[in-house]
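Report on the structure given below.
The values are calculated or read from the model by the stated rules, or taken from the named source; none is laboratory data. Since the model is a prediction, treat every value here as computed from it, not as a measurement. Counting neighbours? That spans all protein chains shown, and the Cβs are built from the backbone with ideal geometry, glycine included.
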Amino acid sequence: MIPALAIGQDIIGVFLMIAILMQARGSGLSATFGGDSSVYRSRRGIERRLWQFTILLAVMFCVFSEMSFVIKP
(Lines give C-alpha, C1' and ligand atoms only; values in the text may rest on other atoms or scores of the structure.)
Protein backbone atom coordinates (compact mmCIF):
# COMPACT_ATOMS: atom_id res chain seq x y z
CA MET A 1 0.00 0.00 0.00
CA ILE A 2 1.23 3.46 -0.86
CA PRO A 3 1.78 5.49 2.35
CA ALA A 4 0.11 8.64 0.97
CA LEU A 5 -3.07 6.70 0.18
CA ALA A 6 -3.06 5.06 3.61
CA ILE A 7 -2.64 8.40 5.39
CA GLY A 8 -5.33 10.00 3.23
CA GLN A 9 -7.70 7.13 3.92
CA ASP A 10 -7.06 7.42 7.67
CA ILE A 11 -7.72 11.16 7.67
CA ILE A 12 -10.89 10.80 5.60
CA GLY A 13 -12.03 7.96 7.88
CA VAL A 14 -11.66 10.11 10.99
CA PHE A 15 -13.59 13.00 9.43
CA LEU A 16 -16.25 10.59 8.18
CA MET A 17 -16.74 9.21 11.70
CA ILE A 18 -17.02 12.72 13.13
CA ALA A 19 -19.54 13.75 10.45
CA ILE A 20 -21.66 10.65 11.09
CA LEU A 21 -21.60 11.11 14.85
CA MET A 22 -22.68 14.74 14.51
CA GLN A 23 -25.91 13.59 12.89
CA ALA A 24 -28.44 12.52 15.50
CA ARG A 25 -30.84 9.82 14.32
CA GLY A 26 -34.47 10.84 14.58
CA SER A 27 -33.69 14.45 15.34
CA GLY A 28 -32.01 17.22 13.49
CA LEU A 29 -28.98 19.25 14.43
CA SER A 30 -31.34 21.93 15.75
CA ALA A 31 -32.46 19.53 18.51
CA THR A 32 -28.90 19.52 19.78
CA PHE A 33 -29.19 23.24 20.50
CA GLY A 34 -32.61 23.10 22.14
CA GLY A 35 -35.12 23.24 19.30
CA ASP A 36 -37.00 19.98 18.80
CA SER A 37 -39.64 19.21 16.21
CA SER A 38 -41.59 15.97 16.07
CA VAL A 39 -42.96 16.52 12.56
CA TYR A 40 -41.21 15.47 9.37
CA ARG A 41 -39.27 18.20 7.69
CA SER A 42 -36.52 18.49 5.13
CA ARG A 43 -32.92 19.22 5.98
CA ARG A 44 -32.02 22.87 5.88
CA GLY A 45 -28.98 24.98 6.46
CA ILE A 46 -26.12 23.34 8.30
CA GLU A 47 -27.93 19.98 8.54
CA ARG A 48 -28.11 19.78 4.76
CA ARG A 49 -24.46 20.77 4.33
CA LEU A 50 -23.38 18.22 6.94
CA TRP A 51 -25.40 15.52 5.16
CA GLN A 52 -23.84 16.44 1.80
CA PHE A 53 -20.36 16.57 3.37
CA THR A 54 -20.90 13.10 4.85
CA ILE A 55 -21.83 11.72 1.43
CA LEU A 56 -18.77 13.38 -0.13
CA LEU A 57 -16.49 11.89 2.54
CA ALA A 58 -18.00 8.43 2.04
CA VAL A 59 -17.41 8.63 -1.72
CA MET A 60 -13.85 9.84 -1.18
CA PHE A 61 -13.21 7.00 1.28
CA CYS A 62 -14.42 4.48 -1.31
CA VAL A 63 -12.26 6.05 -4.02
CA PHE A 64 -9.18 5.94 -1.79
CA SER A 65 -9.92 2.31 -0.95
CA GLU A 66 -10.23 1.38 -4.61
CA MET A 67 -7.07 3.30 -5.50
CA SER A 68 -5.09 1.54 -2.80
CA PHE A 69 -6.31 -1.79 -4.15
CA VAL A 70 -5.64 -1.03 -7.83
CA ILE A 71 -2.34 0.87 -7.49
CA LYS A 72 0.46 -1.36 -6.27
CA PRO A 73 3.77 0.10 -5.00
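Structure above, values below:
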{"read-out": "Pairs, first among the small types (Gly, Ala, Ser) in region 47-73, second not in a helix (DSSP H, G or I), C-beta under 9 Å, six or more apart", "value": "Ser68/Met1; Ser68/Ile2"}
{"read-out": "Any hit, region 34-43, residues being at pLDDT below 60 and either assigned to a helix (DSSP H, G or I) or among the aliphatic types (A, V, I, L, M) (or both)", "value": "yes"}
